[in-house]
Each structure stands twice: as C-alpha cells, then as structure tokens.
1. Mind checking the angle between helix 50-61 and the chain's longest principal axis? C-alpha axes, 0 to 90 degrees, to the nearest 10.
2. Short version: ³J(HN,Hα) in whole Hz for each residue of the stretch 75-89, in order, from phi by Karplus 6.51 cos²θ - 1.76 cosθ + 1.60 (θ = phi - 60°), x for Gly and Pro, what are they?
3. Arrange Arg46, Arg89 by Cβ neighbour counts within 10 Å, fewest through most, would you?
4. Give me the number: length gained by fully extending Ile18 to Ala138, i.e. 0.36 nm times residue separation minus the C-alpha to C-alpha distance, one decimal in nm.
5. Express in nm, to one decimal, how much length is gained between Arg50 and Leu131 on full extension, taking 0.36 nm for each residue of separation and deducting their alpha carbon distance.
6. What order do you get for Ile18, Ile129 when you list them from fewest to most C-beta neighbours inside 10 Å?
7. Under 5 Å between amide hydrogens, which residues at least 5 positions from Val39 or on another chain qualify, with H placed 1.01 Å from N in the peptide plane?
Amino acid sequence: MTAPIPILFSDDDLHPFIGEQVGIGVNRTVYRHNGRDDVVIKVQNRLPCRANFTEWLLWNQMHGQPALRALFARVWGLSDSGRYLVMERLLSLDERPLPPFPAFVIDRKRENYGLSVDGLIKCLDYGDISLSDTLVKADLI
Ligand SMILES: Nc1ncnc2c1ncn2[C@@H]1O[C@H](COP(=O)(O)OP(=O)(O)OP(=O)(O)O)[C@@H](O)[C@H]1O
Ligand SMILES: [Mg+2]
C-alpha cells in the first residue's frame, strides 16, 4: 500500500522512510522513499538548506502554470528545517537531446534531468538558478 505524503512534516517524520541511495551531488544526497516508489527524498548535506528551499519555492510559485510545471519534477513537501525535500522520482534520461528550458535554469548538465513515468523530460535539480534577467523584466505596477 502507498503511504500518504503529508504536505507539512518535521525532519523526524521522514527518517523511517529514507531508503536506498540513488544519487549524490554537491548539495544533496538523494534516497528512495521506503513507502512510495514515485518519490525521492533529497537531504541537504549541510546548512543552509538553500537548494531544497529554492526548489520548493519555485514549484509553489509555478502554481496555475501547467506548461511550466510540466518541465520540472514535482515537489511534494519540505520539512520544517528544509533539510528534507520530497520530490517526484524521475527515471534515467534516454538519448534524446534536452528540450528548451526557461533561462533561469542555469545548470544544464544531463544528470540534472530525467524522465517522468509518462515520458516527459523534466529538470530534477533546480536548486541553483539565476533570476536576475527574470526580475529585471518584471512589470512595475
Ligand atoms: N527527483 C529525482 N528523481 C530521481 N533521481 C534524482 C532526483 N533528484 C535527484 N536525483 C539523483 O540525485 C543526484 C543528485 O541530486 P541533485 O542534482 O538534485 O543534487 P545537488 O547536490 O543539487 O547536485 P549538484 O551537484 O548538481 O548541484 C542527481 O544527479 C540524480 O542522479
Ligand atoms: Mg545536480
């Protein structure tokens, strides 16, 4: 049976669900979720939890924009401290070239992309972005 994922949780809530390691980067170590096949748990290696927080913030800011959200692995939740992020699990990328992504996604290495269960190429590491061009273009109201 698939375990429900709470939207809000403490760091301690997630400990029992940390499964096999699936990847490691400069900022996070990433694990399978023991209760669910369709998500991973991304654990920040040190403070501050900038990358996890950035992904959580961006995903939530894309609310109501399905075409944009289709380019990014879904974020299910962030723990109180930001140390644990629950994200849609993507599968290994095939040979296809990467489609265009928004300019704020600056880290284009292939390890940062994967395939969703329905075959879409999505970005799985959007913790390091550059918003300067996007912010400069914001309307003054
Ligand atoms: N949503 C996901 N689904 C499947 N695997 C993932 C997912 N997120 C991360 N991984 C795996 O874990 C690795 C490290 O994750 P990620 O790139 O997000 O960490 P990082 O520390 O921010 O990386 P970097 O060193 O590129 O800054 C990825 O290259 C990938 O292999
Ligand atoms: Mg990465």
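We did not get these values from a lab; they are worked out from the coordinates using the rules stated. Keep in mind that what you see is a predicted model, and the values were worked out from it rather than measured. For neighbour counting, all protein chains shown are included, and Cβ atoms are generated from backbone atoms with ideal geometry for every residue, glycine included.
1. Helix 50-61 sits at roughly 70 degrees to that axis.
2. Rounded to whole hertz, the list is 9, 8, x, 10, 6, 3, 7, x, 5, 10, 10, 9, 10, 3, 7.
3. Numbers: Arg46 7, Arg89 21.
Least to most surrounded, the residues fall as Arg46, Arg89.
4. Gain on stretching Ile18 to Ala138: 39.2 nm.
5. That works out to 27.7 nm of additional length.
6. Details: Ile18 15, Ile129 19.
In increasing order of surrounding Cβ atoms, one gets Ile18, Ile129.
7. Sorted by chain and number, the residues that satisfy this are His33, Arg89.
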